[in-house]
Amino acid sequence: MIDIKNIEKKITDELKKQELDFIWNKIEKPILPMIEEMNKNGFKIDLIFLEKLSKRFNTKIKKLEKEIYELSGESDFNIKSTQQLSKILFDKMKLPTKGLKKTPKGVISTKESELLKLKGEHKIIDKILEFRELNKMTSTYIDNLIPEIKKDKKNRLHYRILQLGTSTGRMSSKNPNIQNIPVAGEYGKEIRKSFISENGFSLVSFDYSQIELRLAAIISQDKKMLDAFKKNQDIHSAVSQEIFGEINPENRRKAKVINFGILYGMGVNSLTKALETDRKTAQEFLNNYFDKFSGISKYISDAKEEVNENGFSKTIYGRKRFFPEINSKLPFIRASAERMAVNAPIQGSSADIIKLSMAEIWNFLLENNLLKKVKPIAQIHDELIFEIKNEELDIVIEKIKFFMENVFNKNPIDKKFKLIPLIVEPKIGKNWSELK
């Protein structure tokens with residue numbers, strides 16, 4: 001017979017030993033029932049709209065297929081076959097191959113990242129990229145799901161939310177992964193239109209505004225970045241002013257690329273491509289950035305030093321991510337581990353914060369007997385989605401926004417961190433695509 005109490009004690013003791021008891025007791029454990037409620041609720045789907053979308057998208061796929069065959073001068077090949085497509089593009093059509101990677105079998109790759117290098121070389125490239133995107137969207141989020149939705153009496157799509165779906169602590173979902181439905185782009189927006197609310201309810205999303213950049217400012221304690229957020233300045237414009245000396249649309253775009261690139265360990269080579277400039281200019285941008293935002297520069301150095309010394313990184317609440325690959329004999333693997341160690345505390349802290357807010361929201365819903373009027377639907381990146389009874393909208397939106405914005409007050413962190421406000425932007429609508 002399994003001794004559950006003894007197993008539980010061993011796990012509890014180990015969590016305390018690893019200083020992870022807060023992560024379990026205050027973050028992960030309290031939201032278990034809310035995750036289960038999300039799985040049970042799922043998303044209401046407009047099945048008629050989705051079936052019409054299937055016909056429209058499949059018609060478009062056939063049209064793209066015909067255009068690709070005409071542009072290639074061949075029709076006797078499978079567009080979905082990467083090897084056959086490679087032969088058509090590079091052996092028959094003689095498209096340039098300089099700078100393109102090869103597969104392990106020595107065939108020139110036709111991965112999206114490689115085809116993007118050929119944009120502008122021939123019309124067929126845009127058609128292939130569009131064909132792939134539309135085919136993937138249709139098969140994953142429309143045609144495979146319609147039979148499953150029809151099985152549900154209320155036409156609701158039930159996915160599975162994975163509470164620890166990523167190594168940083170962020171949640172994910174599967175069957176299907178609704179987090180992968182693109183926010184931008186015509187096709188993603190059209191699919192999101194089929195995700196609706198029940199009659200008498202509205203969909204409401206609560207999205208943390210620029211939470212990763214805010215956490216980068218908090219964790220690094222960079223004075224200029226903290227000051228910009230305290231003054232409620234547009235952070236990309238503020239960085240543009242510091243680096244380039246003036247703010248205009250192009251400089252702001254570059255500042256945005258650099259801001260997010262830094263968080264994900266982007267080096268000079270990647271930055272050169274992202275900014276579409278030369279290596280020398282990209283290096284000057286980086287040097288200027290680290291000179292102006294010295295707190296960020298120090299954080300990156302400290303994060304790399306910590307992972308080399310301890311083998312793990314930590315969030316502001318103590319969640320650990322281990323990096324055994326930091327001990328690899330291969331320099332590029334160690335460098336990759338260092339880059340991930342820079343980003344993990346930021347992404348992981350974001351996960352901690354949204355989960356802490358979920359615990360507060362769940363208690364509020366239970367205490368006020370609101371589960372029939374306020375349905376938790378999904379957690380996607382930095383966003384929570386609910387289906388809320390129309391007459392409860394005002395008070396519930398105010399409460400959820402308050403819980404999410406006041407996580408630091410309810411769950412204080414190390415006093416060495418000077419804090420800045422967290423901003424949550426509620427959006428309301430009848431379908432997922434048109435939340436405003």
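The values are calculated or read from the model by the stated rules, or taken from the named source; none is laboratory data. The structure displayed is predicted, hence computed values, not measured ones. Heads up, the Cβs are rebuilt from the backbone with ideal geometry, glycines too, and the neighbour counts pull from every protein chain shown.
Looking only at segment 208-266, residues that are of a type in the set (Ser, Thr, Tyr) and within 19 Å of the chain's Cα centre (by Cα) come to 3 in all.
Quick check on segment 421-428. Is at least one of its residues at pLDDT 95 or above and assigned to a helix (DSSP H, G or I)? Checked against the condition, which is being at pLDDT 95 or above and assigned to a helix (DSSP H, G or I), segment 421-428 yields no hits at all.
The number of residues in segment 397-420 that are touching a residue at least 40 places away in the same chain (Cβ under 8 Å) and either in the same structural domain as residue 319 (by TED's automatic domain parsing) or in a helix (DSSP H, G or I) (or both) comes to 7. Take the conditions (1) outside the structural domain of residue 414 (by TED's automatic domain parsing); (2) among the aliphatic types (A, V, I, L, M); (3) part of a loop (DSSP other than H, G, I, E, B); residue 333 misses just one of them, which is (3).
Of the residues making up segment 245-270, those that are modelled with pLDDT of 90 or more, assigned to a helix (DSSP H, G or I) and among the hydrophobic types (A, V, I, L, M, F, W, C) number 4.
Of all the criteria given as (1) under 27 Å from the mean Cα position of the chain (by Cα); (2) part of a helix (DSSP H, G or I), the one not satisfied by residue 124 is (1). Of the listed requirements (1) closer than 28 Å to residue 307 by Cα; (2) within 22 Å of the chain's Cα centre (by Cα), residue 385 misses just one: (1).
Filter segment 82-104 for residues that are part of a loop (DSSP other than H, G, I, E, B), among the basic types (Lys, Arg) and either surrounded by 12 or more Cβ atoms within 10 Å (Cβ to Cβ) or without any contact (Cβ under 8 Å) to a residue 12 or more places away in the chain (or both) and give the result. Show your work before the answer.
Of the residues in segment 82-104, the ones part of a loop (DSSP other than H, G, I, E, B) are 93-101, 103-104.
Applying the additional criterion that residues be among the basic types (Lys, Arg) yields 94, 98, 101.
Across segment 82-104, the qualifying residues are 94, 98.
Among the candidates 203, 226, 164, single out the residue that is surrounded by fewer than 20 Cβ atoms within 10 Å (Cβ to Cβ), of a type in the set (A, V, I, L, M, F, W, C) and outside any helix (DSSP H, G or I).
None of the other options fit; the residue is 164.
Looking at residue 178, is it crowded, with 19+ Cβ neighbours inside 10 Å, of a type in the set (A, V, I, L, M, F, W, C), modelled with pLDDT of 95 or more and out of contact with any Gly (no Cβ under 6 Å at 6 or more places or on another chain)? Quick ask: steps written out before the conclusion?
Working: crowded, with 19+ Cβ neighbours inside 10 Å: yes; of a type in the set (A, V, I, L, M, F, W, C): yes; modelled with pLDDT of 95 or more: no; out of contact with any Gly (no Cβ under 6 Å at 6 or more places or on another chain): yes.
No; evaluated as a whole, the condition is false for this residue.
Residue pairs whose Cβ atoms lie under 6 Å apart, sitting 6 or more positions apart in sequence or on different chains, and linking a residue in segment 1-18 that is closer than 16 Å to residue 318 by Cα to a partner that is in a helix (DSSP H, G or I), are 15/21; 15/24.
Among the residues of segment 380-389, are any in contact (Cβ under 8 Å) with a residue 60 or more places away in the chain, part of a helix (DSSP H, G or I), out of contact with any Ser or Thr (no Cβ under 6 Å at 6 or more places or on another chain) and surrounded by 21 or more Cβ atoms within 10 Å (Cβ to Cβ)? Give the steps one after another, and end with the answer.
Applying the first criterion (in contact (Cβ under 8 Å) with a residue 60 or more places away in the chain) to segment 380-389 yields 380-389.
Remaining after also requiring part of a helix (DSSP H, G or I): none.
Scanning segment 380-389 turns up no residue that is in contact (Cβ under 8 Å) with a residue 60 or more places away in the chain, part of a helix (DSSP H, G or I), out of contact with any Ser or Thr (no Cβ under 6 Å at 6 or more places or on another chain) and surrounded by 21 or more Cβ atoms within 10 Å (Cβ to Cβ).
Being in a helix (DSSP H, G or I), within 30 Å of residue 302 (Cα to Cα) and among the small types (Gly, Ala, Ser) holds for only one residue in 350, 433, and it is 350.
Does segment 227-241 hold any residues that are among the charged types (D, E, K, R) and within 18 Å of residue 257 (Cα to Cα), and which are they? Walk me through it before giving the result.
Residues of segment 227-241 that are among the charged types (D, E, K, R), as a first pass: 227, 230-231, 234.
234 - this is the single residue of segment 227-241 that is among the charged types (D, E, K, R) and within 18 Å of residue 257 (Cα to Cα).
A Cβ distance below 8 Å, combined with a sequence gap of six or more or placement on separate chains, defines the contacts here; from segment 54-81, residues that are charged (D, E, K, R) reach residues that are in a helix (DSSP H, G or I) in the pairs 60/134; 65/131; 67/127; 74/88; 74/92; 80/135.
Evaluate the following for residue 377: is it touching a helix residue (DSSP H, G or I) at 6+ places or on another chain (Cβ under 9 Å) and assigned to a loop (DSSP other than H, G, I, E, B)? Judged against the criteria, residue 377 is not a match. Within the option set 2, 11, being among the aliphatic types (A, V, I, L, M), in a loop (DSSP other than H, G, I, E, B), exposed (fewer than 12 other Cβ atoms within 10 Å of the Cβ) and not assigned by TED's automatic domain parsing to the domain that holds residue 412 holds for one residue only, 2.
Please go through segment 141-161 and pick out each residue that is part of a helix (DSSP H, G or I) and more than 19 Å from the chain's Cα centre (by Cα).
Residues of segment 141-161 that are part of a helix (DSSP H, G or I), as a first pass: 141-143, 146-151.
The answer is 142, 143, 146, 147, 148, 149, 150, 151.
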